[in-house]
Amino acid sequence: MTIQEKNAEIAKMLGWRMGHKNPTETRWKDDWFDTDEIRKTGKGGLEPLLFHSDANWQFEIIEWIENLKISKAGYAYFQMTKNNIWIYVYKNHTIHCVASFNGVENPKVTKKEAIFEALFQFSQYLKEKN
């Protein structure tokens, strides 16, 4: 899967969609809009999604994950150390690691790349659960 395909999966996890909600607005058919109808990418799709390279975009998702209710008594949380990243889901009094990245095994990968991979894994976990 390409970086932009992974970016698209993360955007979908957040509830974003491609194209304006008004189908007559064809000039924005290749742009991404968030749940508040704010355009996140522009210029007819020439400005890509930036979850893979922009820390501000990544932390927006981390905050979203930390506010996510998995079930009535469940929640998700993000944990990061110097070399490792995890995303856990707490549900039914059990903690499940649903996404992770081991920086010790992948020393050439940057922190942004590691966070991006963990966020993508989490998007796939939620996709499977829904």
Rel. contact order, % - alpha carbon contacts under 8 angstrom, at least six apart, the chain: 18
Within a Gaussian network of the chain (alpha carbon springs, distance under 10 Å), most fluctuating of Ile87, Ile38, Ile61: Ile38
For Met1, Met80, order by how many other beta-carbon atoms lie within 10 Å, fewest first: Met1, Met80
0 to 90° range, to nearest 10: angle between helix 55-66 axis and the chain longest Cα axis: 60
Nearest-0.05 FRET efficiency for Glu63 and His93, computed from C-beta distance (R0 30 Å): 0.75
Residue-averaged 222 nm ellipticity for the chain, from DSSP H runs of 4+ at -39500 (n - 2.57), nearest 500: -10500 deg cm²/dmol
Point-to-point label distance, Arg17-Lys108, nm (Cα→Cβ direction, 7 Å offset): 4.2
Choice from Asn92, Asn67, Asn102 showing the highest fluctuation, given a GNM over the chain with Cα pairs closer than 10 Å: Asn92
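Values quoted throughout were computed directly from the atomic coordinates according to the rules given, and no laboratory measurement underlies them. Quantities reported herein were computed from a predicted structural model and do not represent experimental measurements. Neighbour counts run over all protein chains shown; Cβ positions are idealised from the backbone, glycine included.
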